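What follows is calculated from the coordinates using simple rules that are stated; it is not laboratory data. Only a predicted model underlies this, so the values are computations on that prediction, with no experimental measurement involved. Reconstructed Cβ throughout: ideal geometry from the backbone, glycine too, with neighbour counts over all protein chains shown.
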Amino acid sequence: MRYARIWLSSASLRRKALLSIIGDTSDTRLPEDARASLSALVVLISSCQVEISAIEKRLLAQHRKNADSKRLETIPGIGVLGASAIVATVPDASIFKKGRDFAAWIGIVSREDSTGGKQRLGPISKQGDRYLRRVLVLGAFAVIKQARAHPEKYPWLTQLLARKPAKVVAVAVANKMARIAWAVLTRQDILRERSITATSAEG
């Protein structure tokens, strides 16, 4: 929902800029055909703003009525949009035996390659639900932003960011978020911020 609001804000600025251009009839550099096209564009932008606002209100209302969705929102990095997406996509999280299975289904666990008796972790599989994976990874970047602003509150993330690229850390955080989401849905628990900040992605 935060990204929808950002789009609405930028769209509003674009609409105002277009209205200013269209309204300046003294500027002869703008052909009349172009002025008419821009007027139509303003109408389209306004229509999109109205539709997005209506969808956002309906989504928020559905979220507030759903106990699982509200519990998921307590997980750092998972907001109303992420919680609603998980609940809509996974009506019964108990079909997964453990959190790692749920994370694997989304496609945010490392592929395992074994050679010569040694196990190596490769890049994430990217199999499973693409939209949920994107939502969780974007949420993970939001957590990383908070960790950089308040490193004392995120010791595990701060240490990991010192050793690994941000994208790698984001996947690790998204993996952890998925496991916590599974626990919240299957155990009916509300897991607090400590689950993200004080434990590793291996838990």
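Tabulated data for the structure shown
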| item | result |
| --- | --- |
| Cβ-derived FRET efficiency at R0 45 Å, Leu60 paired with Lys167, nearest 0.05 | 0.90 |
| Among the listed pairs Lys57/Lys97; Lys98/Lys164; Lys65/Lys98; Lys70/Lys176, those beyond 25 Å (Cα-Cα) | Lys57/Lys97; Lys98/Lys164; Lys65/Lys98 |
| Zero-based 5 Å bins, Cα pair distances in the stretch 31-106, whole percents | 3, 13, 16, 15, 12, 9, 8, 7, 6, 5, 3, 2, 1 |
| Rough spin-label spacing in nm, given labels placed 7 Å along Cα→Cβ, for Glu152 and Arg35 | 6.0 nm |
| Packing-based exposure ordering (other Cβ within 10 Å, fewest first) of Tyr131, Tyr154 | Tyr131, Tyr154 |
